[in-house]
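As structure tokens, the structure follows; a few thoughts come after it.
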Amino acid sequence: MPGHETEFARTPTQQCARRVAEVPAAERQLVLRNIVDEGPGAHREDLLREAARFFGWARLGADIRDALTADIDALTAAGDLIESEGGLIPAEGS
């Protein structure tokens, strides 16, 4: 909901499998941050695959790749993630 912080992300169920356009950016970004928190130094391609797997997407189509890449770019621009040659790491204090 607008104005509320996203606290968890929903995994797919048999009754509800969502397309990337149906998953809010805040939810996708939460998953991306959590993956980096659990495995600092993840490279973009690995991060894209792990996030797609979380949401139950079997392949990285252009729409999924574009959305998740934009999310990573937004997280790095906001200072939530830091990207270096060694991969993505959480920002201090985030």
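Overall, the stretch 21-90 carries a charge dipole of about 180 debye about its Cα centre when +1 sits on the Cβ of Lys and Arg and -1 on the Cβ of Asp and Glu, all other atoms neutral. A crude spin-label estimate for the pair GLU83 and ARG65, with each label 7 Å from Cα along the Cβ direction, gives 1.5 nm. The simple spin-label model puts a point 7 Å past each Cα toward its Cβ; for ALA21 and ALA58 those points are separated by 2.1 nm.
What's the ranking of 49-62, 26-39 by average number of surrounding C-beta atoms within 10 Å, highest first? Please list the in-between numbers first.
On the way: 49-62: 15.4, 26-39: 18.6.
Answer by packing, highest mean first, reads 26-39, 49-62.
Spin-label pair ASP73-GLU38: with each label point 7 Å from Cα along the Cα-Cβ axis, the two points sit 2.7 nm from one another.
Readers should treat all values here as calculations from the given coordinates under stated rules, not as data from a laboratory. Keep in mind the model is a prediction, meaning the values are calculated, not measured. Note that each Cβ is placed from the backbone with ideal geometry, even for glycine, and that neighbours are counted across all protein chains shown.
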